[in-house]
Every structure is written in C-alpha cells, then in structure tokens.
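K.L.:
If you scroll down you'll find the structure; I have some questions about it.
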Amino acid sequence: AQTVTQSQPEMSVQEAETVTLSCTYDTSESDYYLFWYKQPPSRQMILVIRQEAYKQQNATENRFSVNFQKAAKSFSLKISDSQLGDAAMYFCAYRRASGGSNYKLTFGKGTLLTVNP
Amino acid sequence: DTAVSQTPKYLVTQMGNDKSIKCEQNLGHDTMYWYKQDSKKFLKIMFSYNNKELIINETVPNRFSPKSPDKAHLNLHINSLELGDSAVYFCASSPTGGQPQHFGDGTRLSIL
C-alpha cells in the first residue's frame, strides 16, 4: 500500500521569505501523480501544484515550485516570497496513474504553515 | 457556479440519529469520492463511485451507505451516529485520467 509522510507537523516563515515543506512517499508503482493541496482555516481544499511522475521537469505555479526526486521518493514544496495568505495546512497527496478507476488520493498528515508579518 | 457543492455545511445531531449529506458536481466528472477528515486533520478515503458504480469501499462501517443516483450526485447516509463519527466529510470529483480532484467545502458533523 502506498504511504505518504510529511515529517514537519508545523513550520513557520517570515513574510517575503522562502520556505520548503517536505514530503516522502512509498510506492512500488512507476507511474503516478503527486499533489500539494492547501487547506486554509476556511477548510476548503485548494490544489496548489501537481507533478506527473513520468515528467522529469519539476512543476511550478507562480511562487510555488516542487523538487521532485523520483529515486529518493521525495516531493518537497517550495514557497517563495511568502505571503500572509499562504498560512494554511498543506497536504501532500499521492495518486496512482493506472488501475481502472481507482483514483483515490492518499494523503500525508499535513504541515501547518504559519507566516509571520 | 460552484463546481462541487455539499449540503449541509454544518450538521449537529444526537448520538443514535440517522443523517444524510448530499453532494453534487457540475463538472461532468465520472468519478466521485467521500473523504473523512478527523480531529487531527488526517484525510482518508471512504468511498469512490465511477459512473454510479461503487469502486472503492475502504473498510468503512456498514452504518455508512453511499448512494449515487447519477454520476453528478453522490450522497452519504449515516445510520446510528456515534461520537467517533464527528469529523469533516469532504466530497470530491475527478474525470478519468490524471486530472486532479476537485473538493467540496466539507460538512462538519458534530455528534452530541
């Protein structure tokens, strides 16, 4: 079974600084997808960024980028120029790429990010 | 305009009662899901339906019964509610392929 581990229960960053959130996962599959979701206090689940395992290039979305290391099974999220609105719980998630319609997400336990003004 | 909508947003009820949560998506997706987020914020899959067919049932007690009348709707009925059922329940949907899941805003269920 796939597992996702986020080893940092909490992180903090100063506004305008850069922070990196860690995620490792375990799978025997060669093709899969990885995601970072953000959950602010409003409790919405917001997709931040997505990475396809067969793509070597790291995904980027504006101030958000990932460092995807397939051999090490590592998928960290870098937030540049942190803003107060980035404060939230961040979840790393794994999804297999094949297997009929079994597209469930397996989540890590989350990292609570605080942004200090 | 809401892509995945759940009702109600909050549900407070007594132990032993039966309650339902409704979910509708207007994205034309084939697959819908229910996730449970516990008090420690851990999110875990409960059920998944693809074109009205159950494809995932993650060892959820049979007090929980999902129903999908059509591929745009996936409702969750819970019988004989217990204190441990207190959680936030999220509905989500996705198309086939690698596209990410879209989540509803969650339903906070509190059992007194």
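K.L.:
Which lysines, if any, have their Cα less than 29 Å from the Cα of B:Lys41, not counting same-chain residues under 8 positions apart?
P.N.:
A:Lys38, A:Lys70, A:Lys73, A:Lys78, A:Lys104, A:Lys109, B:Lys9, B:Lys19, B:Lys22, B:Lys52, B:Lys67, B:Lys71
K.L.:
To continue, here is another question. Run the simple label-point estimate for B:Ala72 and A:Asp81 please: 7 Å along Cα→C-beta, distance reported in nm.
P.N.:
4.0
K.L.:
Find out how many positive minus negative residues lie around A:Gly85, taking Lys and Arg as positive, Asp and Glu as negative, among other residues whose Cβ is under 15 Å from that of A:Gly85.
P.N.:
-3
K.L.:
Once you have the Kirkwood Rh of the protein assembly as shown from its Cα pairs, apply Stokes-Einstein at 37 °C and 0.692 mPa s and quote D in µm²/s.
P.N.:
So the translational diffusion coefficient is about 180 µm²/s.
K.L.:
Using a Förster radius of 22 Å, what is the FRET efficiency between A:Asp26 and A:Glu52 based on their Cβ-Cβ separation? Nearest 0.05, please.
P.N.:
Calculated transfer efficiency: 0.75.
K.L.:
Taking 41 Å as R0, compute the FRET efficiency from the Cβ-Cβ separation of B:Ser65 and A:Glu61 and round it to 0.05.
P.N.:
0.60
K.L.:
Can you give the relative contact order of chain B as a percent, counting alpha carbon pairs under 8 Å and 6+ residues apart?
P.N.:
It comes to 37 percent, rounded to a whole number.
K.L.:
What's the FRET efficiency of A:Thr114 with B:Thr7 using the Cβ-Cβ distance as r and R₀ = 25 Å, to the nearest 0.05?
P.N.:
In this case the efficiency is close to 0.20.
K.L.:
Just to check I understand the Karplus step: with θ = phi - 60° and J = 6.51 cos²θ - 1.76 cosθ + 1.60, what whole-Hz values come out for the stretch B:101-112, glycine and proline as x?
P.N.:
For the stretch B:101-112, the Karplus curve yields 7, 9, 9, x, 7, x, 10, 8, 9, 10, 9, 8 Hz.
K.L.:
In nanometres, what is the gap between the two model label sites at B:Glu58 and A:Gln44, each 7 Å from Cα along Cα-to-Cβ?
P.N.:
2.4
K.L.:
Averaged over peptide A:36-46, how many Cβ atoms belonging to another chain are found within 10 Å of each residue's Cβ?
P.N.:
4
K.L.:
May I ask you to evaluate 6.51 cos²θ - 1.76 cosθ + 1.60, the Karplus curve with θ = phi - 60°, for each residue of the stretch A:21-36 and list the ³J(HN,Hα) values in order in whole Hz, giving x for glycine and proline?
P.N.:
9, 9, 8, 10, 9, 10, 7, 9, 7, 9, 10, 6, 10, 10, 9, 10
Laboratory data are not the source of any read-out in this text; all were calculated from the coordinates shown. All of these numbers come straight from a predicted model, not from anything done at the bench. Cβ sites come from the backbone with ideal geometry, for glycine too, and all protein chains shown count toward neighbours.
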